[in-house]
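Worksheet: the structure to be examined is printed underneath.
Nothing in this text is a laboratory measurement; each read-out follows from the coordinates by a stated rule. Everything quoted here is computed from the prediction, not taken from an experiment. Cβ sites come from the backbone with ideal geometry, for glycine too, and all protein chains shown count toward neighbours.
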Amino acid sequence: MKIKGPLFDLNQSLCCGQTFRWQSSEDHWWYSVVNDRIVKVRQIEEELEFEIQPGLSAPKEFISNYFRFDDDLESIYQKIGKDDFLIKAISQARGLRVIRQDPWECMISFIVSQQNQIPKITRSIETMAQKFGTCTIFEGKNYYLFPTPEQLCTAKIKTLQSGFNLHGCALGYRARYVLGTAYLIYNNALEFRLDDLKKLPYNTAYRLLIDSFFGIGPKVADCVLLFALDKLEAFPLDTWTRRIIRKLYFNDERIKDEKIKEFCADYFGEFAGYAQEYLFCNRINICQSNPGKNMTKAL
């Protein structure tokens, strides 16, 4: 099946650290498990060719929703492109879209991501799926659905903690956060469902995530809000984005996270999350450059 989408770059969107289970093939197809379905997709110019198994009654709507084709990128560029650094970052990653992910999988994935590297995050998540998720076959290959809270509750803490060489998931200290989160969700121990947070203001949803889950701090909360709960104003601060904001807009390595978040909310506004993604994708070039004096003085 094919769909001609709006401004979109599939490779940029899948390679910018917002999702961890997509794998590419030599013939330019991408494969992943998305919301309990196997999705195969590739882009040829402005057209997406895709297959979804098991099938859906509205497959184009599924793809459009997942890749957020409802976001008006040109309008977003106008609102976040406030300086030369953003304009350049946008030009080098044009078509990158924030992906709309499943809240449960997104939350566990970014708990695993804490103080971690992308190759290890990817392997840990895939190992969890293989050990505790449901297996399905597509094109003769085994794929594993992301484990449900119920399935993950069957995991032993040692299996989650132990390294790959010991047939574990290599989560280390994060294992107790993952297992604790699974227990909370499976046992309905919260006064809200994750999807309910979409309807709440950003600050309320942010506070609920941090206060309700052991192991979810500011960065993970903002990742979940941005990538799964439609809060495009969320600005996740990791090592790279913290360094970028300090360098470009303060020229001061001592600026605290609270000040950075206040600045980003005010400067980038309702689409701060998109600004974060474009700055992150251009992080190497930015961190090797020297901010102009006019830039830092003006801000």
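Measuring from label point to label point, each 7 Å out along Cα→Cβ, what is the Ser212 to Glu46 span in nm?
Spacing of the two 7 Å Cα→Cβ label points: 4.1 nm.
Rounded if a/c is under 1.5, else prolate if a/b beats b/c, else oblate: with a ≥ b ≥ c from the C-alpha gyration tensor eigenvalues square-rooted, which is the range 1-125? Please report the intermediate quantities before stating the final value.
Numbers: a/c = 1.69, a/b = 1.12, b/c = 1.51.
Taking the square roots of the gyration eigenvalues as a ≥ b ≥ c, the range 1-125 is oblate.
For Glu270 and Arg243, compute 0.36 nm times the residue count separating them, minus their Cα-Cα distance, and round to one decimal in nm.
Value of the extension gain: 7.5 nm.
Apply the Karplus curve 6.51 cos²θ - 1.76 cosθ + 1.60, θ = phi - 60°, to the phi angles in the range 30-36 and return the couplings in whole Hz, x for Gly and Pro.
After applying 6.51 cos²θ - 1.76 cosθ + 1.60, I find 10, 10, 6, 9, 10, 6, 6 Hz.
Compare the peptides 150-156, 161-167 by average per-residue count of other Cβ atoms within 10 angstrom and give them in order, highest first.
The peptides rank, most packed first, as 150-156, 161-167.
Give the long-range amide H neighbours of Ile38: residues separated by 5 or more places, or on another chain, with amide H under 5 Å away, using H modelled in the peptide plane at 1.01 Å from N.
Those lying under 5 Å, H to H, from Ile38 are Gln53.
For mean projected area of the Cα convex hull in nm², several values are listed as (1) 13.5; (2) 16.2; (3) 14.3; flag the one computed from this structure.
So the structure-derived entry is (2).
State whether the range 103-228 is rounded, prolate or oblate according to the following rule on the C-alpha gyration tensor (a ≥ b ≥ c being the square roots of its eigenvalues): a/c under 1.5 gives rounded; otherwise a/b larger than b/c gives prolate, and the remaining case gives oblate.
Working: a/c = 1.74, a/b = 1.54, b/c = 1.13.
It is prolate, given that a/c is not under 1.5 and a/b is the larger ratio.
Give, as a single signed number, the net charge of other residues whose beta carbon lies under 11 Å from the beta carbon of Lys198, with Lys and Arg counted +1 and Asp and Glu -1.
Computed value for this residue: +1.
Note down the net charge around Lys2, summing +1 for each Lys or Arg and -1 for each Asp or Glu among other residues with Cβ under 11 Å from its Cβ. Intermediate results must be reported in sequence, preceding the final value.
On the way: positive: Lys4, Arg42, Lys60; negative: Glu46, Glu47, Glu49, Glu51.
Counting the neighbours of Lys2, the net charge comes to -1.
Tally Lys and Arg at +1 and Asp and Glu at -1 over the other residues with C-beta under 9 Å from the C-beta of Trp30: what net charge comes out? Walk me through the numbers on the way to the answer.
Numbers: positive: Lys40, Arg42; negative: none.
Local charge sum for Trp30: +2.
Quickly rank 239-246, 217-224 as a protection proxy: mean count of other C-beta atoms within 10 Å, highest first. Intermediate values should be presented prior to the final figure.
Values: 239-246: 17.5, 217-224: 21.9.
So the peptides 239-246, 217-224, ranked by packing, come out 217-224, 239-246.
Can you give the three extents of the C-alpha atoms in the range 116-166 along their principal axes, from longest to shortest, in whole Å?
32, 26, 18
Take the alpha-carbon centre of the range 179-243, take the same for the range 58-113, and report the distance between them in whole Å.
Cα centres, the range 179-243 to the range 58-113: 18 Å.
For the range 2-70, just say rounded, prolate or oblate: build the C-alpha gyration tensor, square-root its eigenvalues into a ≥ b ≥ c, call rounded for a/c under 1.5, and beyond that prolate if a/b exceeds b/c, oblate if not. Don't skip to the answer; put the middle values down first.
On the way: a/c = 1.31, a/b = 1.08, b/c = 1.22.
Rounded, because the longest to shortest axis ratio a/c is under 1.5.
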